[in-house]
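*Asks:* Pasting in a structure now, in structure tokens, and then I'll have a few things to ask.
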Amino acid sequence: ATSMNGLVSKDCGGGCDADGEWWVYMGHMGGDGEVNLYVIKDGQLGVLANQIVNDDQWHFVAATRDGTTGVQKISIDGQIAVTVTNGPTGQLIDPSPLLFGYTYIGDIYYYTGDLDDIAIWNEVLTAAEITALYNLGSGLDISSNFGDYTSSGNLVGYWNFNEGSETTVTDFSGNGNH
């Protein structure tokens, strides 16, 4: 049976499917271990990357959504794995909490594994920027531009999971999203 494992989401909880909610998770729409991006905006649309990432190895996963064009992409280990060109457009506005390691869509779906270095920008990163971040490896410092990465000024939140308490992680973007 395919199970769902929430990685990061913006979710009201309880399966309300409100406009502006989104999830990055594994399983459910595809097979176990395949990464998905699901956005609710004037209807629903999901993106599935057919590359397995639950193989006991670290993977770099980037999900992007262009609110102007509707293009959604999932990149795995610095390479674009899937592109959907007919995703929902418009700004995603949802007051729900940001969730790490689980999603709450009617039931709670926990991720069983390790998460590290989660970041959110208010612009779509280019393929070159995603590759630069992947090539940087562990110990990311995305608060400053380097090489092909030029989006530090558009960083909304960055959580490296090296500090904080059991239920709170520190946002190193400078925007105070703890």
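*Asks:* Enumerate by residue number the GluC sites (Glu not before Pro) in region 74-177 meeting two conditions: DSSP loop (anything except H, G, I, E, B), and at most 13 other Cβ atoms within 10 Å of the site's Cβ.
*Replies:* Of the GluC sites (Glu not before Pro), the ones in loops of region 74-177 whose Cβ has at most 13 other Cβ atoms within 10 Å are Glu166.
*Asks:* A further question on this structure: Using just the alpha carbons, could you tell me how many Å³ per residue the convex hull of the chain encloses?
*Replies:* 118 Å³
*Asks:* A further question on this structure: Principal axis lengths of region 82-132 from Cα atoms, whole Å, largest first?
*Replies:* 34, 27, 22 Å, listed from the longest principal axis down.
*Asks:* With springs only between Cα atoms under 10 Å, which of Trp58, Trp159, Trp22 fluctuates most in a Gaussian network model of the chain?
*Replies:* Judging by the Gaussian network model, the answer is Trp58.
*Asks:* Let me ask another. For Tyr158, what accessible area in Å² do you get when you roll a 1.4 Å probe over the heavy atoms of the protein chains, rounding to the nearest 10?
*Replies:* In the full protein context, Tyr158 sits at about 10 Å².
*Asks:* Another question, if that's okay. Using a Gaussian network model of the chain whose springs link C-alpha atoms within less than 10 Å, name the residue from Asp56, Asp114, Asp77 with the highest mean-square fluctuation.
*Replies:* Highest fluctuation of the listed residues: Asp56.
*Asks:* A further question on this structure: With every protein chain in place, what's the accessible area of Ile93 (1.4 Å probe, Å², nearest 10)?
*Replies:* 120 Å²
The values are calculated or read from the model by the stated rules, or taken from the named source; none is laboratory data. Small disclaimer: the values here were computed from a predicted structure and weren't measured. For neighbour counting, all protein chains shown are included, and Cβ atoms are generated from backbone atoms with ideal geometry for every residue, glycine included. For accessibility, only protein heavy atoms count, side chains too; no ligands or nucleic acids. Shrake-Rupley method; radii C 1.70, N 1.55, O 1.52, S 1.80 Å.
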